[in-house]
Amino acid sequence: MALRISLLCLTTVLLLTAGRASAAPPVGIPEQGRPIFEARCASCHGPQGRGDGPQAPFLSPRPASLISAGTSVKTDAELLAVITNGKPRTSMPAWNGLLTEQERRDVLAYIRTLVRFHPHSPTPPPNGHH
Ligand code: HEC
């Protein structure tokens, strides 16, 4: 009986492992992205992603705020492309080769949490036009 149960567990583990090894793109994990962001990105983009890192005053163009609406509306694919290939004519480096695809997704997932933790401005009062 005990043997049968442990065989069942083993099968489950094998199935889960096989599922994870499939070709689906890795899912970004914000907790793993945080140390990457702090080590590699915060010097320009600032600890909260507001574009106010210690290097920012010396850059032209300045790194924009990553929690701005302008960045937030961009898709994961668009932002991953910038992180992977850098941004032409800016100091934004290409991280391809320095960070794995998993790490680039992790750091993007962390950037998205910076936006969410930012308190939303109150909803504007209705203006009466319907
Ligand atoms: C040497 C300074 C510097 C470093 C380091 C840096 N960036 Fe940038 N980044 C910039 C600049 C400058 C831009 C272009 C202006 C902008 O769009 O903010 C930029 C742009 C971006 C954009 C595009 C924003 C948009 O709306 O198109 C993303 C995303 C981004 N950086 C993420 C990162 C991540 C993630 C890291 C760390 C792995 C990083 N950056 C490291 C300077 C830097």
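The values are calculated or read from the model by the stated rules, or taken from the named source; none is laboratory data. Just so it is clear, the model here is predicted, and its values are computed rather than measured. Here the Cβ is made from the backbone with ideal geometry for all residues, glycine too, and neighbour counts use every protein chain on show.
When you look at Ser43, is it outside any loop (DSSP other than H, G, I, E, B), polar (S, T, N, Q) and either more than 21 Å from Val27 (Cβ to Cβ) or at pLDDT 95 or above (or both), yes or no? So Ser43 passes the test. On the stretch given as region 32-51, residues that are farther than 18 Å from Val82 by Cβ and either of a type in the set (A, V, I, L, M, F, W, C) or touching a residue at least 12 places away in the same chain (Cβ under 8 Å) (or both) total 4.
Restricting region 43-55 to residues that are surrounded by fewer than 17 Cβ atoms within 10 Å (Cβ to Cβ) and near the ligand (Cβ under 9 Å from one of its atoms), the residue that is nearest to Thr100 (Cα to Cα) is Ser43.
Residues in region 56-81 that are surrounded by 15 or more Cβ atoms within 10 Å (Cβ to Cβ), part of a loop (DSSP other than H, G, I, E, B) and not β-branched (Val, Ile, Thr): Arg62, Pro63, Ala64, Ser65, Leu66. Looking at region 86-95, is at least one residue outside any loop (DSSP other than H, G, I, E, B), more than 8 Å from the ligand (Cβ to nearest atom) and surrounded by fewer than 13 Cβ atoms within 10 Å (Cβ to Cβ)? Among the residues of region 86-95, not one is outside any loop (DSSP other than H, G, I, E, B), more than 8 Å from the ligand (Cβ to nearest atom) and surrounded by fewer than 13 Cβ atoms within 10 Å (Cβ to Cβ), which makes the answer no.
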